[in-house]
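Just so you know, all these numbers are worked out from the coordinates, no wet-lab data involved. Here the structure is a predicted model, which means the values were calculated and not measured. Note that we place each Cβ from the backbone using ideal geometry, even for glycine, and neighbour counts take in every protein chain shown.
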Amino acid sequence: MYAFIWRRLPGNRAAKLVGTLLLLGLAGLVLWYGVFPWLEPRVALDEVTVG
């Protein structure tokens, strides 16, 4: 998968590295501000049941 993305990005090695970092940052932002807030009420992380 990563080799496919690396081959599909345009430019030389430096441009591909910048593009990869931008894609990783975008994926992180989508997870942090979109997926995790949506998922938090559905997953009970604060409920500890140690007996």
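Regarding Leu29, is this residue free of Cβ contacts under 8 Å to residues at least 12 places away in the same chain and surrounded by fewer than 11 Cβ atoms within 10 Å (Cβ to Cβ)? Break it down stepwise before answering.
Values: free of Cβ contacts under 8 Å to residues at least 12 places away in the same chain: yes; surrounded by fewer than 11 Cβ atoms within 10 Å (Cβ to Cβ): yes.
Here the answer is yes, as Leu29 does meet what is asked.
Being of a type in the set (Val, Ile, Thr) and surrounded by 11 or more Cβ atoms within 10 Å (Cβ to Cβ), is that true of even one residue in region 38-50? First the steps, then the outcome.
Keep residues of region 38-50 that are of a type in the set (Val, Ile, Thr), which gives 43, 48-50.
With the extra rule that they be surrounded by 11 or more Cβ atoms within 10 Å (Cβ to Cβ), the set shrinks to none.
So far as region 38-50 goes, no, none of its residues is of a type in the set (Val, Ile, Thr) and surrounded by 11 or more Cβ atoms within 10 Å (Cβ to Cβ).
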